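Beneath this line is the structure, given in structure tokens, with notes to follow.
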Amino acid sequence: MELGWQAWYTLGALILMIGALVRNIARPDLILVGTLGLLLLADVVPVERAFTGFANPAVITIGALFVVAAGVERTAAISAVDGILRPRSGRIGIAILRLMLPTSLLSGILNNTPIVAMLIPRVQTWARETGIPASKLLIPLSYAAIIGGWVTLIGTSTNVIVHGLLLAEGLPGFSFFDLTWVGIPAMIVSALYFALIGHRFLPDRSDGVALGEGQVRSYAFELRVDADGPVVGKTIEGAGLRDLGTAYLSSIGRKRSGESERRTIPARPETVLQADDALLFTGDVSAVGTLLERDGLAHPVEPIPSPQRRVLPLYEAVLSPSSDLVGKTLRDVDFRNRFGGVVLAIQRSDAPLLGRIGRTPLRAGDLLLIESHTGFAAQVRGRQDFALLAELERPPRKASSKAPIALAILLGFIVIVGFGWMPLATVALAAAIGVVVTGCVHGAQARAAIDWGVLVMIAAALGIGQAVEFTGLATVAALAIESVASDLGVLGTLVLLYAVTNILAELVTNKAAVALMFPVAISVAMDLGADPKAFALAITVGSAASFLTPIGYQTNLMVMGAGRYRYTDYTKAGIVLSLLIMAVTISVVAWRWL
């Protein structure tokens, strides 16, 4: 098949898009909207087709599900899972089973992000109680939440996207339990794998090990020597800053007369402290508050004013790969004025930070300790900058009086969709209205719960997928896949399609991957005379089975700092699981639909 200039132009735009996403030069939604804009400017796809994604029922459905999930989360309706998940002994295999199986089931009916956010501090507490390292539990938690997305149609947004695309093509969409045929076996296989074998590939990075053994948490924080404080003129040892137990003073940033920049000098016991010295510490987060209570030590920058209370709440925030803070320093972005909070410390999973935190370029996955007012979480929750935001050491919320209402709405939603009595988008919108009208979530909270960037990204990705189909790229890609797998038959083609989608999702985003591969998958199915639903289901799972990198799926990034993971930990733990999930998916799809 000969391609026209429009197809080559579209291919070039896609290469630029993938490169921009891999290099993380901007937020994914902006990159995808920019790519769609390039296609529109060249008129390679009609305007009405380019913008069909914004009218796709999948976008409405996902937006409504954000609100429903917020209603359940804010009423703490699922707080009862503590008793189900909490390990009763220190046997790691049993603990992993108790954690992964219920988490997957919960993720089948609720957005996996709030589930993981809710469970991270609980898992850390259970780890201390049982003696099982949290690093042995948090990656399985993330993977269980991902796999649970295939238990039902509403388990993850990619399910809903492909369902909407099938309907737009005039094909039968997924039923509520079509993906369950893959989700339940995948859930069981993954839990058994980690309980029996997989936990051996996870690192043992226990908390609470003595500082002398070099195993402290890699939180880096900075304090300033108050010019009028009692520690000026004292040595480090004389000021009591040598043996701190949970932290140690690693170096000092000092200005000398006539110099504009600070020099970093070693923190020796005999070093005499001077006014305005920047003290660079490494250690546990609990040491930050303890040291700030000492007379003569102060915040490195002007603190947030607190006229009503002396102690402001602390928040932990994981920096998202889509944030424009990545690669910049706190000073560059003027963090205090931009977000209304002060970063007290930074934890980096792969190595301790040795320089001043205000001058250290930030990375995706960095865990920031932020001091701010009580409303800080609600203020920034709808932004793209943080993959996880939680108040530190906040006691678990008890279920409110609205919890039964939220659960009843959720159950009614599942029953109506499960029996196919009404379209998914209609029921999702009705459920979202229900949690707002009944007071489970207020209007402002509902608006904040919707991740508008995700919705824009989905709509733009669907428009780009239309260009791939309209210009003939989908047909050419389908022919290429068929020629490569010609000797392998339908089953081999299905495996190749799954693998290509999975690799593409690891490079870009799962939503962009599934939108780009959908027209290819349907074209392949039609050429082979196979059931399009089989190929659609394969790319749905392949696009979401992101186990090899921390940036492949949001929940992987959320547990990175808390588990003190390195990039390669995900690859070691996930490569066998990826192969197992592919085998389960292809086997079930072939048995059920081919």
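So here's what we get for this one:
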item	result
Tally, over the stretch 550-561, of residues that are in contact with a Pro (Cβ under 8 Å, 6 or more places away or on another chain) and either hydrophobic (A, V, I, L, M, F, W, C) or without any contact (Cβ under 8 Å) to a residue 60 or more places away in the chain (or both)	3
Ala430 vs. criteria surrounded by fewer than 24 Cβ atoms within 10 Å (Cβ to Cβ) and within 25 Å of the chain's Cα centre (by Cα)	no
Gly439 vs. criteria free of Cβ contacts under 8 Å to residues at least 40 places away in the same chain, under 16 Å from Val72 (Cβ atoms) and part of a loop (DSSP other than H, G, I, E, B)	yes
Subset of the stretch 50-89 (residues that are modelled with pLDDT under 80 and touching an Asp or Glu at 6+ places or on another chain (Cβ under 9 Å))	Arg86, Pro87
Hits in the stretch 433-445 - residues which are surrounded by fewer than 20 Cβ atoms within 10 Å (Cβ to Cβ) and in contact with a helix residue (DSSP H, G or I) (Cβ under 7 Å, 6 or more places away or on another chain)	Val436, Thr438, Gly443, Gln445
Flag if Ile586 is open to solvent by 10 Å² or more (accessible area, probe 1.4 Å), free of Cβ contacts under 8 Å to residues at least 40 places away in the same chain, closer than 28 Å to Ile197 by Cα and touching a Leu at 6+ places or on another chain (Cβ under 9 Å)	no
Single unsatisfied condition, Glu293 versus (1) acidic (Asp, Glu); (2) open to solvent by 60 Å² or more (accessible area, probe 1.4 Å); (3) at pLDDT 75 or above; (4) out of contact with any Ser or Thr (no Cβ under 6 Å at 6 or more places or on another chain)	(3)
Residue under evaluation Leu548, criteria (1) open to solvent by 30 Å² or more (accessible area, probe 1.4 Å); (2) under 29 Å from Leu455 (Cβ atoms); (3) in a helix (DSSP H, G or I), criterion not met	(3)
Within the stretch 92-171, helices (runs of 4 or more DSSP H) holding 2 or more residues that are of a type outside the set (Asp, Glu) and open to solvent by 30 Å² or more (accessible area, probe 1.4 Å)	92-107, 112-130, 157-168
Candidate set from the stretch 178-201 (those that are surrounded by fewer than 23 Cβ atoms within 10 Å (Cβ to Cβ) and not aliphatic (A, V, I, L, M)); member that is nearest to Gly149 (Cα to Cα)	Thr180
Lone qualifier among Ala538, Ala513 - being assigned to a helix (DSSP H, G or I), under 28 Å from the mean Cα position of the chain (by Cα) and farther than 25 Å from Leu141 by Cβ	Ala538
Any strands (runs of 3 or more DSSP E) falling wholly within the stretch 178-274 and containing at least 2 residues that are within 37 Å of the chain's Cα centre (by Cα), modelled with pLDDT under 80 and under 30 Å from Thr156 (Cα atoms)	none
Every residue from the stretch 416-433 that is in a helix (DSSP H, G or I) and either without any contact (Cβ under 8 Å) to a residue 60 or more places away in the chain or within 17 Å of Phe174 (Cβ to Cβ) (or both)	Ile416, Val417, Gly418, Leu424, Ala425, Thr426, Val427, Ala428, Ala430, Ile433
Residue, most open to solvent (accessible area, probe 1.4 Å), within the stretch 1-25, restricted to residues that are in contact with a Ser or Thr (Cβ under 8 Å, 6 or more places away or on another chain) and assigned to a loop (DSSP other than H, G, I, E, B)	Met1
Per-region count, the stretch 299-334, residues of a type in the set (Gly, Ala, Ser) and at pLDDT below 80	4
Matching residues, the stretch 551-571, being in a helix (DSSP H, G or I) and crowded, with 21+ Cβ neighbours inside 10 Å	Gln554, Thr555, Asn556, Leu557, Met558, Val559, Met560, Gly561, Ala562, Gly563, Asp569, Tyr570
Failed criterion for Ala448 (all others in (1) open to solvent by less than 30 Å² (accessible area, probe 1.4 Å); (2) modelled with pLDDT under 80; (3) not polar (S, T, N, Q) hold)	(1)
Some residue of the stretch 401-415 being outside any helix (DSSP H, G or I) and either among the β-branched types (Val, Ile, Thr) or within 19 Å of Asn111 (Cβ to Cβ) (or both)	yes
Residue that is modelled with the lowest pLDDT [pool: residues in the stretch 572-583 that are among the aliphatic types (A, V, I, L, M) and crowded, with 22+ Cβ neighbours inside 10 Å]	Ala573
The stretch 456-510, subset more than 29 Å from Asp29 (Cβ to Cβ) and not in a helix (DSSP H, G or I), residue most open to solvent (accessible area, probe 1.4 Å)	Asp487
Test: residue in the stretch 120-141 that is at pLDDT 90 or above and of a type in the set (Lys, Arg)	yes
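The values are calculated or read from the model by the stated rules, or taken from the named source; none is laboratory data. Computed from a predicted structure; not experimentally measured. Using ideal geometry, Cβ is built from the backbone for each residue, glycine included, and neighbour counts are taken over all protein chains shown. These area figures cover heavy atoms from the full protein model, side chains too; ligands, DNA and RNA do not enter into them. Shrake-Rupley method; radii C 1.70, N 1.55, O 1.52, S 1.80 Å.
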